[in-house]
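Working notes for the structure below.
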Amino acid sequence: MLRSCIPVVALALCGCLNDPKPAPTAFKSDPHGHSHERDKMLIEDAGRYHAALTAHLSSKDGNELDIFFETIDNPPKPVPLPIVKFAATAKTATGEEHQLAFEPTPLEERKGDPEGKCSHFVAKAGWMKAENVLTVTTTVDIDGKPTAIAWKNFNPKKYAHHED
């Protein structure tokens, strides 16, 4: 019985060693088929949507961070969520942490959002400098589930949609 098993094991091993399938490829910058940068925004996955982070640098009005929730379509469309406000944390490269309070932007900046839902949020960030490198983290309810989102290596100057 043992003799009859040896050829079967040998054939199985040969088949595994000569498997023509290529090894899986690891993609660090583009893990699932799309870029995480667009125009002046850093994009992260937010459940089945995307969350785009951008900076507003203003010496007159104060610095701000904006977050847009959108579909993964090309071109993306705004996704109004039933969120009134949410908190986030911005951590600088030196380890300083700053709390952020994101609130809906004025209705004229998010045309098409129905009553009680919002696709575009803004938070004051007076402490933020153009040269900072930030990690911004938050957890928001998307489709009824808490969803963690983290934007890493966010440079306000690079991702500024407005600068004065």
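The values are calculated or read from the model by the stated rules, or taken from the named source; none is laboratory data. The model shown is predicted, which means the values in this text are computed figures rather than measured ones. Methodologically, a virtual Cβ is constructed for each residue, glycine included, from the backbone with ideal geometry; neighbour enumeration extends over all protein chains shown. Please note that ligands, DNA and RNA were not included when accessible areas were found on the heavy atoms of the full protein model with its side chains. Shrake-Rupley method; radii C 1.70, N 1.55, O 1.52, S 1.80 Å.
Some values worked out for this structure:
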{"item": "When residues of segment 144-164 are limited to those that are charged (D, E, K, R), in a loop (DSSP other than H, G, I, E, B) and farther than 18 Å from residue 68 by Cβ, the one farthest from the chain's Cα centre (by Cα)", "result": "164"}
{"item": "So residue 83, is it under 15 Å from residue 52 (Cβ atoms) and among the aliphatic types (A, V, I, L, M)", "result": "no"}
{"item": "Segment 94-104, residues that are more than 24 Å from residue 37 (Cβ to Cβ) and surrounded by 15 or more Cβ atoms within 10 Å (Cβ to Cβ)", "result": "104"}
{"item": "Number of the condition not met by residue 120 [criteria: (1) touching a helix residue (DSSP H, G or I) at 6+ places or on another chain (Cβ under 8 Å); (2) open to solvent by 90 Å² or more (accessible area, probe 1.4 Å)]", "result": "(2)"}
{"item": "Tally, over segment 129-143, of residues that are acidic (Asp, Glu) and either within 16 Å of the chain's Cα centre (by Cα) or surrounded by 15 or more Cβ atoms within 10 Å (Cβ to Cβ) (or both)", "result": "1"}
{"item": "Strands (runs of 3 or more DSSP E) fully within segment 60-120 counting 2 or more residues that are over 21 Å from residue 162 (Cβ atoms)", "result": "86-92, 97-104"}
{"item": "Long-range neighbours under 6 Å by Cβ, at least six apart or interchain, first residue on the phi > 0 side of the Ramachandran plot within segment 121-146, second of a type in the set (Lys, Arg)", "result": "none"}
{"item": "Pick from segment 50-67, criterion in contact (Cβ under 8 Å) with a residue 40 or more places away in the chain and open to solvent by 30 Å² or more (accessible area, probe 1.4 Å), ranking: nearest to residue 138 (Cα to Cα)", "result": "64"}
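Conditions tested, residue by residue: (1) more than 19 Å from residue 149 (Cα to Cα); (2) touching an Asp or Glu at 6+ places or on another chain (Cβ under 7 Å); (3) modelled with pLDDT under 95; (4) crowded, with 20+ Cβ neighbours inside 10 Å.
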residue	(1), (2), (3), (4)
69	no, no, no, yes
80	no, yes, no, no
92	no, no, no, no
109	yes, no, yes, no
112	yes, no, yes, no
127	yes, no, no, no
